[in-house]
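Enquirer: Quick one: structure below, then a few questions.
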Amino acid sequence: MSTTHRPRRGDGIARSELIASTSATLISATVSMLPLLLADALVRKYDWSEATLFAGVSTGMTLSAIAAPLGIFLVGYLGLRRTILAVLLVLLATLGLSGVCTTPVQFALIWAVSGAASGCLNPLVIGSTVTASRFPSHCGAASGLFLSCALAGPLFALPLFSLLLENWGHMTVLLSASCLVIAAILIAWGLIPANSLPGEDRSHARPRLAPLFEPAKLKDLSLLLFLTSVCGVTSTGLVGSHLISICRVAGLDLSVGASVTAVMGLIALFGGLIFGVAADRFNGLRLLAAYYVFRAVLLFWLPRSSFSFEELSHFAVLYGLDWAATMPALARVALDRFGVLQIGAVMSFLAVAHHGAAGAASFLLASAGSQHFSSAFTFGSVLCLLAALLLVIRRTGALGAPSLSPCAGDTTCARQEAQSNNVNP
């Protein structure tokens, strides 16, 4: 029997890649949120068109979602190090150009490019790719770390940037953000080796789409896409976008809704880490079913609550934990079913589904008006119950037994792997 002997990368290199890639996604997520902060300040200072500026913000958000699959293909063809460095350099260039812009149209165009670039470093995509290759047995925990870092960046940096903006103007904010990007570039340059991902020198290490559309895998991919879409609708689409408005309609001050949202984001940081560890220890499908049932209960209860401080505090803590719980479990299930080579492509599709569903839900609810808040949350609760039901009635093992082989689900890759084993006994 032939045995494959491959040089094993040291744990130190794996940890260095984890540090560098999480730093890059954190900084990228922070920079992508700056236009939301700067747009209002520029409108007040220069009396510019708010519609033009926010058109650039909206376009950037849309391109950020669409660019997620591009990120995984860049990693496959250029490598992790070159991809991260290229994206960070683009972000640095957009910050520099923002400092010399003189019209709102120029800002809008630059922010659209910035959003597209940041989408290539989507934490779901980069996180799943790095963790599946380096930490396959801890994919859930490491994916939760990426998600928590992406949430932590804007949560802690934007208040500091707001302080700089109020006291020293938007140029100081741009300069500070540029320093953060430069720091991330230096970290990535120093910690990520040139050939950063295992098997990157082999042609079959690049992501393949064909195996994802085989009949058996297509059913699994369709289920994961539906689950992720439900997550997007019920998290960012309903709660993230409209919780402040719901509190306002209930007669509460704007600061109350903002505080509840901030607490929810802070709790989500810990939720990503806690439930990431749980995803590695327990059955991912059962965890997802439990998460969706719990979310359904919370969504059904909120519009019917009294909106007291105590009840809103309970909702912020419980929903914040549940918000970050689904993605680590989805990453764990995707790795077990599709393998190391396909998980990046799968998670990129899931990222597009999440952002697209969230954007559509947010727009539809905003168009419908505040009188439909209760109905929208009830509908979201029903969607969560449907997602949980699909997970429960799915046959045991329908999403595949754990398979950490990099060629899982790819017959061409498996054949090349077998030939490599025969050549290198």
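Enquirer: Out of the residues in segment 182-235 that are at pLDDT below 65, under 22 Å from the mean Cα position of the chain (by Cα) and under 25 Å from L89 (Cα atoms), which is surrounded by the fewest Cβ atoms within 10 Å (Cβ to Cβ)?
Expert: Across segment 182-235, the extreme among qualifying residues is R206.
Enquirer: For segment 1-40, name all the residues that are farther than 29 Å from A68 by Cβ and either small (G, A, S) or modelled with pLDDT of 85 or more (or both).
Expert: Scanning segment 1-40 gives S2, G10, G12.
Residue by residue, here is whether (1) basic (K, R); (2) surrounded by 17 or more Cβ atoms within 10 Å (Cβ to Cβ); (3) touching a helix residue (DSSP H, G or I) at 6+ places or on another chain (Cβ under 8 Å) holds:
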{"residue": "T25", "(1), (2), (3)": "no, yes, yes"}
{"residue": "A51", "(1), (2), (3)": "no, no, no"}
{"residue": "L89", "(1), (2), (3)": "no, no, yes"}
{"residue": "A93", "(1), (2), (3)": "no, no, no"}
{"residue": "G96", "(1), (2), (3)": "no, no, yes"}
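Enquirer: Could I ask something else about it? Residues C149, C179, C120: which one is at pLDDT 80 or above, within 18 Å of the chain's Cα centre (by Cα) and surrounded by fewer than 24 Cβ atoms within 10 Å (Cβ to Cβ)?
Expert: C149
Enquirer: Can you spot a residue in segment 287-309 that is part of a helix (DSSP H, G or I), without any contact (Cβ under 8 Å) to a residue 40 or more places away in the chain, surrounded by fewer than 24 Cβ atoms within 10 Å (Cβ to Cβ) and over 24 Å from the mean Cα position of the chain (by Cα)?
Expert: Within segment 287-309, one or more residues are part of a helix (DSSP H, G or I), without any contact (Cβ under 8 Å) to a residue 40 or more places away in the chain, surrounded by fewer than 24 Cβ atoms within 10 Å (Cβ to Cβ) and over 24 Å from the mean Cα position of the chain (by Cα).
Enquirer: Show the residue pairs that are 6+ apart or on different chains and have beta-carbon atoms under 6 Å apart, the first residue being within segment 132-161 and in a helix (DSSP H, G or I), the second being of a type in the set (K, R) and at pLDDT 75 or above.
Expert: Every condition considered, the pairs that remain are C139/R332; G140/R332.
Enquirer: Just the residues that are touching a residue at least 40 places away in the same chain (Cβ under 8 Å) and not in a helix (DSSP H, G or I), please, taken from segment 46-55.
Expert: Correct list: W48, S49.
Enquirer: What about T261, is it farther than 30 Å from L97 by Cα, polar (S, T, N, Q) and modelled with pLDDT of 80 or more?
Expert: So T261 fails the test.
Enquirer: So, in segment 67-86, of the ones that are of a type outside the set (A, V, I, L, M, F, W, C) and at pLDDT 80 or above, which residue ends up surrounded by the fewest Cβ atoms within 10 Å (Cβ to Cβ)?
Expert: Y77
Enquirer: What do you reckon, is L85 assigned to a helix (DSSP H, G or I), outside the structural domain of A351 (by TED's automatic domain parsing), in contact (Cβ under 8 Å) with a residue 40 or more places away in the chain and under 13 Å from P35 (Cβ atoms)?
Expert: No: the conditions fail for L85.
Enquirer: Ok, one more. Looking at V317, V277, which one is touching a residue at least 24 places away in the same chain (Cβ under 8 Å), over 20 Å from the mean Cα position of the chain (by Cα) and surrounded by fewer than 24 Cβ atoms within 10 Å (Cβ to Cβ)?
Expert: Only one candidate passes the filter, namely V317.
Enquirer: So which of D322, D280 is of a type outside the set (S, T, Y), assigned to a helix (DSSP H, G or I) and farther than 24 Å from P136 by Cβ?
Expert: D322 is the lone residue from the list that is of a type outside the set (S, T, Y), assigned to a helix (DSSP H, G or I) and farther than 24 Å from P136 by Cβ.
Enquirer: Quick check: is even one residue across segment 125-144 farther than 29 Å from D322 by Cβ and surrounded by fewer than 24 Cβ atoms within 10 Å (Cβ to Cβ)?
Expert: no
Enquirer: Let me ask something else about it. Out of all the residues in segment 33-56, which are under 14 Å from L165 (Cα atoms) and among the β-branched types (V, I, T)?
Expert: V43
Enquirer: Surrounded by fewer than 19 Cβ atoms within 10 Å (Cβ to Cβ) and either of a type in the set (K, R) or in a helix (DSSP H, G or I) (or both): which single residue out of S64, S58 fits that description?
Expert: S58 is the lone residue from the list that is surrounded by fewer than 19 Cβ atoms within 10 Å (Cβ to Cβ) and either of a type in the set (K, R) or in a helix (DSSP H, G or I) (or both).
The values are calculated or read from the model by the stated rules, or taken from the named source; none is laboratory data. Keep in mind it's a predicted model, so treat the numbers as computed, not measured. We place every Cβ from the backbone using ideal geometry, glycine too, and count neighbours over all the protein chains shown.
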